[in-house]
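Reading through the structure tokens given below for one structure.
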Amino acid sequence: MRFRTHELFLGAFLTVAIFAVGMLFASSPSFRSQNNNQSAAPLQHTQDGKPENHEAAQSLWIPTDSVGLYTLVLAALTGLLAVVAGVQGSFMLRADKTARIAANAAKESADVARDSLIYTQRAYVRVANYPWLWRSDRDRPGKYFYDITPIVENVGNTQTVDMKINVNSALRDNPLPEDFDFPYVGDSGTSLIGARQSIGASNVVILDDDLLAVRDGKKFFYIWGAMTYRDVFPGTPEHVTQFCTQIIRVMGDPLDPREIGNPKGTTVEIHFRIYPEHNKTN
């Protein structure tokens, strides 16, 4: 076990003090005997009739016997012990301050570690792409419609919690205005996406005639949506992902998307672009 310097000094002073107290008690009977002898002896007078009292004239700080000497030593050691106690108290205060600083640093380190864990392991949701299929329209024989499904992907390392998705679309004669509020017509659907997995959100539909008008620049078609979710870590805020895309270019003939010799193929190409508004994630 290793001792610090001030602890060694304190121990030494305590040892000397205890020794001094022991000597004090050991010398007490001799002191009483000396007092009795002195009281029995006759007083000596000086030539002018006054008793000698030269001992009283001596300084009170100069011991005249062993008891006085030990008392003086004890008083000095008591003072030194008070000084050592004060120094010890200052060391304790410094140690307490150091402990508080270390505790605060440990808490900050733990908070940083937790934030780092959440940042690297939480769920992150985004829209990856917009695959589509053409289908024959049974309500309009000989006509077609195009089914577009936003693919929502979780690129994080943990699953989503309490996830809700809402998707809407609009076919317009003019581009969206700057103050467009991106409304929704239905309730949000609940879902869950595992780590590094993806799902299809609600699909939207555009008819072949309308897609032809988009190709020719006569109409404008937009798809937007929002996802709210939480991660698996308690106490974290709700996350929101918003998206909006626009059909920017159409290749081929939307009125006849079939590919000769390939029943599942198509001669139509649909290209999307990220719309400048209503796109964010946190």
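Could you please find all residues in region 85-108 being in contact (Cβ under 8 Å) with a residue 24 or more places away in the chain and among the polar types (S, T, N, Q)?
Answer for region 85-108, where residues must be in contact (Cβ under 8 Å) with a residue 24 or more places away in the chain and among the polar types (S, T, N, Q): just GLN88.
Residue by residue, here is whether (1) touching a residue at least 40 places away in the same chain (Cβ under 8 Å); (2) over 30 Å from THR15 (Cα atoms) holds:
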| site | (1), (2) |
| --- | --- |
| VAL83 | no, no |
| ALA110 | no, yes |
| ALA123 | yes, yes |
| THR149 | yes, yes |
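Out of ASP173, ASP162, ASP187, ASP181, I need the residue that is exposed (fewer than 14 other Cβ atoms within 10 Å of the Cβ) and either among the hydrophobic types (A, V, I, L, M, F, W, C) or over 38 Å from the mean Cα position of the chain (by Cα) (or both). Which one?
ASP173
Could you say which residue among SER169, SER202, SER198, SER188 is among the polar types (S, T, N, Q) and within 26 Å of GLY142 (Cβ to Cβ)? Let's see the steps before the verdict.
On the way: SER202 fails: within 26 Å of GLY142 (Cβ to Cβ); SER198 fails: within 26 Å of GLY142 (Cβ to Cβ); SER188 fails: within 26 Å of GLY142 (Cβ to Cβ).
From the options SER169, SER202, SER198, SER188, the qualifying one is SER169.
Go through (1) out of contact with any Phe, Trp or Tyr (no Cβ under 9 Å at 6 or more places or on another chain); (2) surrounded by 12 or more Cβ atoms within 10 Å (Cβ to Cβ); (3) of a type in the set (Val, Ile, Thr) one by one and return the number of the condition ILE193 breaks.
Among (1) out of contact with any Phe, Trp or Tyr (no Cβ under 9 Å at 6 or more places or on another chain); (2) surrounded by 12 or more Cβ atoms within 10 Å (Cβ to Cβ); (3) of a type in the set (Val, Ile, Thr), ILE193 violates only (1).
Show me the strands (runs of 3 or more DSSP E) found entirely inside region 222-282 where at least 3 residues are in the same structural domain as ASN166 (by TED's automatic domain parsing) and buried (at least 16 other Cβ atoms within 10 Å of the Cβ).
So the answer is 239-251.
The values are calculated or read from the model by the stated rules, or taken from the named source; none is laboratory data. Quantities reported herein were computed from a predicted structural model and do not represent experimental measurements. For neighbour counting, all protein chains shown are included, and Cβ atoms are generated from backbone atoms with ideal geometry for every residue, glycine included.
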